[in-house]
1. Need a quick list: helices (runs of 4 or more DSSP H) entirely within the range 101-174 having at least 3 residues that are among the charged types (D, E, K, R).
2. Out of the range 325-359, which residues are aliphatic (A, V, I, L, M) and at pLDDT below 50?
3. If you check every pair at least six apart or on different chains, which have Cβ atoms under 6 Å apart with a residue in the range 220-233 that is of a type in the set (G, A, S) first and a residue that is part of a loop (DSSP other than H, G, I, E, B) and surrounded by fewer than 24 Cβ atoms within 10 Å (Cβ to Cβ) second?
4. Quick one: in the range 27-57, which of the residues that are part of a loop (DSSP other than H, G, I, E, B) and either touching a Leu at 6+ places or on another chain (Cβ under 8 Å) or crowded, with 17+ Cβ neighbours inside 10 Å (or both) is modelled with the lowest pLDDT?
5. Testing V234 on (1) modelled with pLDDT of 95 or more; (2) surrounded by fewer than 18 Cβ atoms within 10 Å (Cβ to Cβ); (3) aliphatic (A, V, I, L, M), one condition comes back false. Which one is that?
6. Quick one: which residue in H316, H340, H273 is surrounded by fewer than 20 Cβ atoms within 10 Å (Cβ to Cβ) and either over 12 Å from the mean Cα position of the chain (by Cα) or under 28 Å from L111 (Cα atoms) (or both)?
7. Please verify whether I253 is in contact with a Pro (Cβ under 7 Å, 6 or more places away or on another chain) and either under 21 Å from A345 (Cβ atoms) or aromatic (F, W, Y) (or both), treating the condition exactly as stated.
8. What pairs come out if I take residues in the range 89-115 that are under 12 Å from P43 (Cβ atoms) and pair them with residues that are among the acidic types (D, E) and assigned to a strand (DSSP E or B) whose C-beta lies under 8 Å away, six or more apart or interchain?
Amino acid sequence: MSESENGTLRPLSESESESESESESESESESESESGLARNLPPYGYMPEKFRRELALFPLPQGFQVDGQPATAADYTRFIDSEATRMAGFLWPVYDRASGQWTGAAAANALALTRTDLALMAKLRPKMSQQVTCDGQVLPFTHGQLFSEEDESAKGTLAKYMTGLSEAVLSALGKAIDGSFIRLGPTHLRLKEKFQRPRAYQAAFLLNQPFSYEVAVSAVTPALVSGHCLQGLVVRTLGFVAQRAAITGANDIALMQQYCVDIGDRRVFAGVHYPSDNISSWYCGLRLCDNLFVDPQDAAAAKKFMIEAIKRSAVHAAILQELAQDASSPYGGPMFELKHEMERAVRGPTQPLAPPPNP
């Protein structure tokens, strides 16, 4: 993001109002509109060359399918475009470089969502120093310790969660996970290119809000979707499904699910991702299952595992608590869509749910 193009955040002056009689609430409404978003939150900008090379080298994830058939690179591109357009309707807008505008219905709510995200992130920051837990078990390390280890790769932290597995099963699980990255490919980077969401530290500065965050060498791409959250959920689920016959203990499954979501949650605790970035990643993860599995039974097992994992997320719980306290929260629409996708994943196409509350 070029600082010279950002401008500075300032409230509308009386001279800029269309009428001196315009009310304060009307001015506030104007600042929250699509034009207010474009003025206050510029796009993230270019990603580093490393990631641009990755996009060029992998035009199609290995084994990706559409409607049960092997996909072409063009099919995959259409899938990315379709999913971005879908989420721009309820979560975060797509940035159109040609017009220099944020596009999609979500643009009208993006500033309010950003402010709500920043406030929730401040509440979640203390979790960085807290120990990891799962179903009452207290594990011997903090989220902060694992965040540092996982910044560039979370592969090494699997063994810290899965202590109940034999060495042979743990090794097989690790290999299955490592071999699954190519099946997801750089999907997160392609979506990041579309959404161009500025990072939380950038938005907080432009919105003149105090902010604290950790150093993350991997946080050099647009915020949404969260790569750690999407890969943490999808790639680890792919590995688990491949090895599920050997991982049958209830505690081992619970720990694996906790591991899947903690990877993404820690990025929120650290201040490098917004809570709604994780909503986007969970939503995408569920929708990707039918594209990543040839066997419908494997896809069904993956969806069930993912849903149970998402419900273990501390970020998910915190968002639900925010909604319980304020039904008009900007999280209403995105969480409605996530809930609908969870129900669709379990039951297949269903009757529409009750509409989400209007923010």
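1. On the way: elements: 110-124, 143-150, 158-161.
Of the helices (runs of 4 or more DSSP H) lying wholly inside the range 101-174, those with at least 3 residues that are among the charged types (D, E, K, R) span 110-124.
2. Answer for the range 325-359, where residues must be aliphatic (A, V, I, L, M) and at pLDDT below 50: L353, A354.
3. A223/R199
4. So the residue we want is E32.
5. In the conditions (1) modelled with pLDDT of 95 or more; (2) surrounded by fewer than 18 Cβ atoms within 10 Å (Cβ to Cβ); (3) aliphatic (A, V, I, L, M), V234 misses (2) alone.
6. Result of the check over H316, H340, H273: H340.
7. For I253, the condition - in contact with a Pro (Cβ under 7 Å, 6 or more places away or on another chain) and either under 21 Å from A345 (Cβ atoms) or aromatic (F, W, Y) (or both) - is not met.
8. Taking only residues 6 or more apart or on different chains, the pairs are W102/D96; T103/D96.
The values are calculated or read from the model by the stated rules, or taken from the named source; none is laboratory data. Small disclaimer: the values here were computed from a predicted structure and weren't measured. So basically every Cβ, Gly included, is an ideal-geometry build from the backbone, and we count neighbours across all protein chains shown.
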